[in-house]
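Step one of this worksheet: look at the structure below.
Here, each number is a calculation from the coordinates, and none is a lab measurement. Model, not experiment: these values are computed from the prediction. Cβ sites come from the backbone with ideal geometry, for glycine too, and all protein chains shown count toward neighbours.
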Amino acid sequence: MRSKSRMTLFPIKFVLFLHNYLYVFNKTDFDQDLYVGATVVRPGQDPYARNKFNQVESDKLRMDRAVSDTRHDQYVSTSDLPASSVVITFHNEARSALLRTVVSVLKKSPPHLVKEIILVDDYSDNPEDGALLGKIEKVRVLRNDRREGLMRSRVRGADAAMAPVLTFLDSHCECNDHWLEPLLERVAEDKTRVVSPIIDVINMDNFQYVGASADLKGGFDWNLVFKWDYMTLEQRRARQGNPIAPIKTPMIAGGLFVMDKEYFEQLGKYDMMMDVWGGENLEISFRVWQCGGNLEIIPCSRVGHVFRKQHPYTFPGGSGTVNTRRAAEVWMDEYKNFYYAAVPSARNVPYGNIQSRLEMKKRLGCKPFKWYLENVYPELRVPDHQDIAFGALQQGGNCLDTLGHFADGVVGVYECHNAGGNQVVLLRQHTQVSL
Ligand code: LR7
Ligand code: MN
């Protein structure tokens, strides 16, 4: 009797094991060649024209191509984790890139942790780009009937989500081994944590997958453009004993993160008056920190992203500056003046009504920007009372520019771009002009 019952138990356990740890995606489920083949770059056409990355190289890859495991430590969570809804918004994404994003989610995640993949088609020219993917398991497709921009599109996806945790991805990503579990683990332990993977680089010219440094945090200058900051030597030393510890980050890049759904709602989702692209990453980062949450980069989680240099799409009725200005006006208190000093042209951009966001900030009892600077981003140099003026030194169309040569002190001139950065000149009371 005893041995018989053992015999029947064995296959049940085996099936459970398969269900949890073997990520099966049936390649034959979807005809990649038919889907991607309909939109290939014709001979003589510029492969960069439509996507501002090399579409020919993207189209050559199989939807489930292997990429190297770039983690420096292969920690895998064993906790009981909540399932997640993956929300991906896109506007005119290359079919091959969009398909690889979806397939990599299915292939690299334990199935029970992905409730669904919600694709929000932000009014792409061809409705079939999204609609055809609805045949793939777990994929739900929503289509906007006008261009909404990535913020309202993500909110639409989040509102439709059925799982307790939201995972946002750009539409040209590839998830790496065990990317999801460490992110979910941090959020399951504390829902006020908003977490990002390390974002690896998918080369926009040849589509090679390249591991990114694990020593970076997200930050910005007074021009409020996102940038990567190297951790200080002290911070790096402190991590040597524990390289897989979460990295507190003042800012997230914006596209790839996991957040508890209820917390996303409680904290005001996104600013629905932001359009197209830009600034929402800044806004959600200030908001999370100032209103009591935490932003972290989780080194055990890696996701590749195609970084490119230009936008492939138009900006109907919007510009990144409107969004950035809204973020500055709501969250930065008097420190917004440093932004206007760094980007003088922003002062003239109409930014609409921010009343409801200010009321929300008050209702949530959020801390002032001074607190954020002192506690979250002490590395950011705050101009002090000795700074008399702050701006660019301009002659004709050219401006004084460090040209990136910080170490040797040599400066040059470059066409004025009004974006601050290397062209910010600081006039101080008792010293010389410094860049
Ligand atoms: O009108 C639009 N509607 C959309 O749905 C415009 C864009 N989109 C989609 C688009 O198809 C893509 O999936 O929104 C996503 C983001 O647009 P990208 O890929 O053109 O943006 P990006 O990768 O250049 O920009 C980064 O900053 C943005 C600021 O608004 C967003 O937060 C992006 O999600 C963000 N991407 C990342 O964080 C990936 C790492 C990049 C870095 C650093
Ligand atoms: Mn992107």
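Here are some notes:
- Within the range 99-123, the set of residues being over 12 Å from C175 (Cα atoms), surrounded by 23 or more Cβ atoms within 10 Å (Cβ to Cβ) and within 9 Å of ligand 1 (Cβ to nearest atom) comprises V120, D121, D122.
- Test for D271: is it within 13 Å of ligand 1 (Cβ to nearest atom) and touching a residue at least 24 places away in the same chain (Cβ under 8 Å): yes
- Restricted to the range 170-194, and to residues there that are surrounded by 24 or more Cβ atoms within 10 Å (Cβ to Cβ) and among the β-branched types (V, I, T), the residue that is farthest from ligand 2 (Cβ to nearest atom) is V187.
- Screening the range 195-314 for helices (runs of 4 or more DSSP H) wholly inside it with 3 or more residues that are touching a Leu at 6+ places or on another chain (Cβ under 9 Å) and farther than 30 Å from D59 by Cβ returns the ranges 261-266, 280-290.
- Scanning the range 60-96 for residues that are assigned to a helix (DSSP H, G or I) and either buried (at least 21 other Cβ atoms within 10 Å of the Cβ) or within 14 Å of ligand 1 (Cβ to nearest atom) (or both) yields R95, S96.
- Of the residues in the range 301-312, at least one is farther than 30 Å from D125 by Cβ and away from ligand 2 (no atom under 12 Å from the Cβ).
- Test result for A66, of a type outside the set (F, W, Y) and closer than 14 Å to A94 by Cα: no
- Count of the range 285-334 residues which are away from ligand 1 (no atom under 14 Å from the Cβ), of a type in the set (D, E, K, R) and surrounded by fewer than 17 Cβ atoms within 10 Å (Cβ to Cβ): 3
- Number of positions in the range 32-59 that are in a loop (DSSP other than H, G, I, E, B) and in contact with a Pro (Cβ under 6 Å, 6 or more places away or on another chain): 4
Residue-by-condition table, conditions (1) surrounded by 19 or more Cβ atoms within 10 Å (Cβ to Cβ); (2) under 22 Å from Y351 (Cα atoms):
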site	(1), (2)
K217	yes, no
L224	yes, yes
R236	no, no
R239	no, no
F264	yes, no
D271	yes, yes
G278	yes, yes
